[in-house]
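Input: a single structure, listed below in structure tokens.
The values are calculated or read from the model by the stated rules, or taken from the named source; none is laboratory data. It should be emphasised that the depicted structure is a prediction, and the values quoted were computed from it without experimental measurement. So basically every Cβ, Gly included, is an ideal-geometry build from the backbone, and we count neighbours across all protein chains shown. Calculation scope for accessible area: heavy atoms of the full protein, side chains included, ligands and nucleic acids excluded. Shrake-Rupley method; radii C 1.70, N 1.55, O 1.52, S 1.80 Å.
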Amino acid sequence: MAENNQAQGAETQGLSTTPNNSATPSPLVTALQQQNAEWVGEVIEAFGEVTVVVPRAQLTAICSYLKSAPGLEFNFLSDLCGADRGPEEEPRFEVNYHLFSTTKHHRLRLKVLLNEEDAHVETVTGIWRTANWHERETYDLLGVIFDGHPDLRRILLPDDWQGHALRKDFPLRGYEPYSLT
Amino acid sequence: MVANLPPQFEVVDRPLDTQMTLSMGPQHPSTHGVLRLELVLDGEMVVKATPDIGYLHTGMEKLFEYKKYQQGIVITDRMDYLNPLGNNLAYVMAAEKLLGLEIPERAQVIRVLMCELQRIASHMVWLGTHALDIGAMTVFFYCFREREKILNLIEAASGGRLTPSYFRIGGLMMDIPAGFERRCKQFTNDFPAAVKEFHTLLSGNKIFQKRTQGVGYISAEDAIDWGLSGPCLRGSGVNLDLRRANPYTGYEKYDFDIPLEESCDVWARYMVRMRELTESHKIVVQALQRLQPGPVKADAPKVVLPEREAMKTHMDALIHHFLIVAEGFNVPEGEVYHAIEASKGELGVYMKSNGGPKPDRVHFRGPSFVNLSALPQMTEGEMIADVVAIIGSLDIVLGEIDR
């Protein structure tokens, strides 16, 4: 059975999945690189989507540039979500910023990698106000702290909840039944 | 007098303070579920509004990580329960993107057809409850009459009224049944008259106009900044519809308009949705014409369940069926974000696979979640009675907000 699954994995991988870093990079990435080469870490182009891993310290600068630069105009933050790669991974957390342009209709994903003991990243609420609730959700479920956020409280879980439910080491059913009393 | 009180009583001494805090919901009928708003009022004017959500949180995103890809579809039904087929579509398309599956033409047409029917059904609930909140009760019954017809169609195709799970990874659960097209045509023939009725009941109604025009203003820049999408964004005059901007499932082949309104208020959002009813109806008619015989499942035996008959006659079909059900299928490593234009706006699915049969992370970008976050922007400075109208115009579903 394992063989079967592997064979199928190889079959389905076929067309688009292999990251082609060496081939022609997306114009979005070249624009970023021209502006500041330090901004672009790893570039992953797969499934027709472009992901740029960016250094945490420059995140807000990059976002401001992407929002205002002519030809890029990423004025719409579609989504912001975090993910836990697992407690044994280092860096453990990633935060994904899905940018969209309402005029150019193109998309770009920025990714910031964070260590567990220093899971802090600068807020982007100053650039797109919609980031407010997304960041609160990411804080609530994963425990990533967004520095400078105007109102970083839990949003989905109760205020007195212990732990962060979407972390991989948090059990599916919780540690004990939650009681409101 | 204050000094004699026990220390646990905290007395706030503000004699001339006219502001009061009002907790609206979570049981308030116009909050469409279990939304709580903390309103700071000055007289009847809203000074500050703070939405409080999470009452319906059920940890769905956590649950996805413990379910196989095909099992996740049924969870999506329960998010935006007024638009379950839209949720199905976003989820299965994200998985199909990872798998690199080609979907047959007939399945794509049926997907468009069902999604547009579902969009009309979703707008019917919005219209009925929005009018009910503002005080027009009759519309509600007319809307639910039309919605019932659509739910019957969805039930005929999928077996479920509210939780169809009709779209599967690689195609559809099964083909539409015999007689479906006839019943669907009957619906499309009758529907324009129903839209006329709604316009007669509401659009020309002076009270309704007074309650909605100039209320809940949000400018185009603010709307983009707050991430509004769908009819709320188009009500602010921003021409963005993902069916046009990033076409999926063959939407580029259909002829339809994108309704735009410039007045940025509750009335604009109302008019956008009303005009969308007609556009969706147009797409349904075109999809019915496009419907050609053909397969409804992709040719990927290791991902798509085999036909029942094949399982009884072909050994490999039986093996594939067993493997898919017992072990699931492996999805290539990677991450995708797929966004569709659901009835309420941009519904995005972020899916990350680590190569196994269960996703590593699934995140839903719910349009209701983001649209609701802009509520303070629209309500502050308005009258308290208008808050109800503004919530109605956002068309939120708490199942999707809280997940």
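Please count how many residues of the range B:324-358 are surrounded by fewer than 18 Cβ atoms within 10 Å (Cβ to Cβ) and more than 30 Å from A:L108 (Cα to Cα).
Of the residues in that region, 3 qualify.
Which of the residues spanning the range B:184-222 are hydroxyl-bearing (S, T, Y) and either closer than 14 Å to B:T278 by Cβ or in contact with a Lys or Arg (Cβ under 6 Å, 6 or more places away or on another chain) (or both)?
Taking the range B:184-222 and keeping what is hydroxyl-bearing (S, T, Y), we get B:188, B:200, B:203, B:212, B:217, B:219.
Scanning the range B:184-222 gives B:T188, B:S203.
Going by the conditions given, is B:V285 among the aliphatic types (A, V, I, L, M), in contact with a Phe, Trp or Tyr (Cβ under 8 Å, 6 or more places away or on another chain) and more than 30 Å from B:A389 (Cα to Cα)? I'd like the intermediate steps shown before the answer.
Working: among the aliphatic types (A, V, I, L, M): yes; in contact with a Phe, Trp or Tyr (Cβ under 8 Å, 6 or more places away or on another chain): no; more than 30 Å from B:A389 (Cα to Cα): yes.
No.
Condition first: hydrophobic (A, V, I, L, M, F, W, C) and under 17 Å from B:V109 (Cα atoms). Now tell me which residues in the range B:175-214 satisfy that. Steps first, please.
Kept after step one, since they are hydrophobic (A, V, I, L, M, F, W, C), are these residues of the range B:175-214: B:176, B:178, B:180, B:184, B:187, B:191, B:193-195, B:198, B:201-202, B:207-208.
Result: B:I176, B:A178, B:F180, B:C184.
Within the range B:222-237, is even one residue more than 19 Å from the chain's Cα centre (by Cα), of a type outside the set (D, E) and open to solvent by 40 Å² or more (accessible area, probe 1.4 Å)?
Within the range B:222-237 (the criterion being more than 19 Å from the chain's Cα centre (by Cα), of a type outside the set (D, E) and open to solvent by 40 Å² or more (accessible area, probe 1.4 Å)), the answer is no, since none of the residues qualifies.
I need the full set of residues from the range A:136-173 which are at the interface with chain B (Cβ under 9 Å from one of its Cβ atoms), of a type in the set (V, I, T) and not in a loop (DSSP other than H, G, I, E, B), in order please.
none
Within the range B:360-389, track down each residue that is outside any helix (DSSP H, G or I) and either within 30 Å of B:K67 (Cα to Cα) or open to solvent by 10 Å² or more (accessible area, probe 1.4 Å) (or both). Let's see the steps before the verdict.
Initially, the range B:360-389 is screened for residues outside any helix (DSSP H, G or I), giving B:360-366, B:374, B:380-383.
Across the range B:360-389, the qualifying residues are B:D360, B:R361, B:V362, B:H363, B:F364, B:R365, B:G366, B:E380, B:G381, B:E382, B:M383.
What residue, among those in the range B:24-69 that are open to solvent by 70 Å² or more (accessible area, probe 1.4 Å) and polar (S, T, N, Q), is nearest to the other protein chains (Cβ to nearest Cβ)?
Only one residue tops the list, namely B:T58.
Applying the selection to the range B:307-346, what residues are more than 10 Å from chain A (Cβ to nearest Cβ), touching a residue at least 12 places away in the same chain (Cβ under 8 Å) and not in a helix (DSSP H, G or I)?
B:I340, B:E341, B:A342, B:S343, B:K344, B:G345
Looking at the range B:44-163, what helices (runs of 4 or more DSSP H) fall wholly within it and have at least 3 residues that are over 26 Å from B:E279 (Cα atoms)?
Working: elements: B:60-64, B:69-77, B:84-99, B:105-134, B:138-158.
The helices (runs of 4 or more DSSP H) meeting that bar are B:60-64, B:69-77, B:84-99.
Just wondering, is there one or more residues in the range B:205-220 that are crowded, with 18+ Cβ neighbours inside 10 Å, under 29 Å from B:L132 (Cβ atoms), over 19 Å from the mean Cα position of the chain (by Cα) and within 14 Å of chain A (Cβ to nearest Cβ)?
So far as the range B:205-220 goes, yes, one or more of its residues are crowded, with 18+ Cβ neighbours inside 10 Å, under 29 Å from B:L132 (Cβ atoms), over 19 Å from the mean Cα position of the chain (by Cα) and within 14 Å of chain A (Cβ to nearest Cβ).
Checking B:V34 against (1) assigned to a loop (DSSP other than H, G, I, E, B); (2) at pLDDT 90 or above, only one condition comes out false. Which one?
(2)
Of the residues A:E117, A:E122, only one is open to solvent by 50 Å² or more (accessible area, probe 1.4 Å), over 30 Å from A:S68 (Cα atoms) and either more than 10 Å from every other protein chain (Cβ to nearest Cβ) or modelled with pLDDT of 90 or more (or both); which? Even if it seems obvious, please write down each step before you answer.
Numbers: A:E122 fails: over 30 Å from A:S68 (Cα atoms).
On inspection, the qualifying residue turns out to be A:E117.
Based on what the data block shows, is A:L172 farther than 26 Å from A:S64 by Cβ, modelled with pLDDT under 90 and either touching a helix residue (DSSP H, G or I) at 6+ places or on another chain (Cβ under 8 Å) or open to solvent by less than 20 Å² (accessible area, probe 1.4 Å) (or both)?
On the way: farther than 26 Å from A:S64 by Cβ: yes; modelled with pLDDT under 90: yes; either touching a helix residue (DSSP H, G or I) at 6+ places or on another chain (Cβ under 8 Å) or open to solvent by less than 20 Å² (accessible area, probe 1.4 Å) (or both): yes.
The answer is yes for A:L172.
Please determine whether any residue of the range B:93-103 is open to solvent by less than 30 Å² (accessible area, probe 1.4 Å), among the charged types (D, E, K, R), within 14 Å of chain A (Cβ to nearest Cβ) and under 19 Å from B:S353 (Cβ atoms).
yes
Looking at A:W128, A:W133, which is the one that is closer than 24 Å to A:V29 by Cα, outside any strand (DSSP E or B) and touching a helix residue (DSSP H, G or I) at 6+ places or on another chain (Cβ under 8 Å)? Steps first, answer last, please.
On the way: A:W133 fails: closer than 24 Å to A:V29 by Cα.
After ruling out the rest, the residue left standing is A:W128.
Suppose we keep only residues that are facing another protein chain (nearest Cβ under 9 Å) and part of a strand (DSSP E or B) within the range A:95-110. Which one would you say is surrounded by the most Cβ atoms within 10 Å (Cβ to Cβ)?
The residue in question is A:F100.
Does any residue in the range B:158-170 that is of a type in the set (D, E, K, R) come within less than 6 Å, Cβ to Cβ, of a residue that is modelled with pLDDT of 90 or more and open to solvent by less than 10 Å² (accessible area, probe 1.4 Å) six or more places away or on a different chain, and which pairs are these?
From residues that are of a type in the set (D, E, K, R), the pairs are B:R161/B:L151.
Checking B:A300 against (1) open to solvent by 40 Å² or more (accessible area, probe 1.4 Å); (2) in contact with an Asp or Glu (Cβ under 9 Å, 6 or more places away or on another chain); (3) modelled with pLDDT under 90, only one condition comes out false. Which one?
Here B:A300 clears every test but (1).
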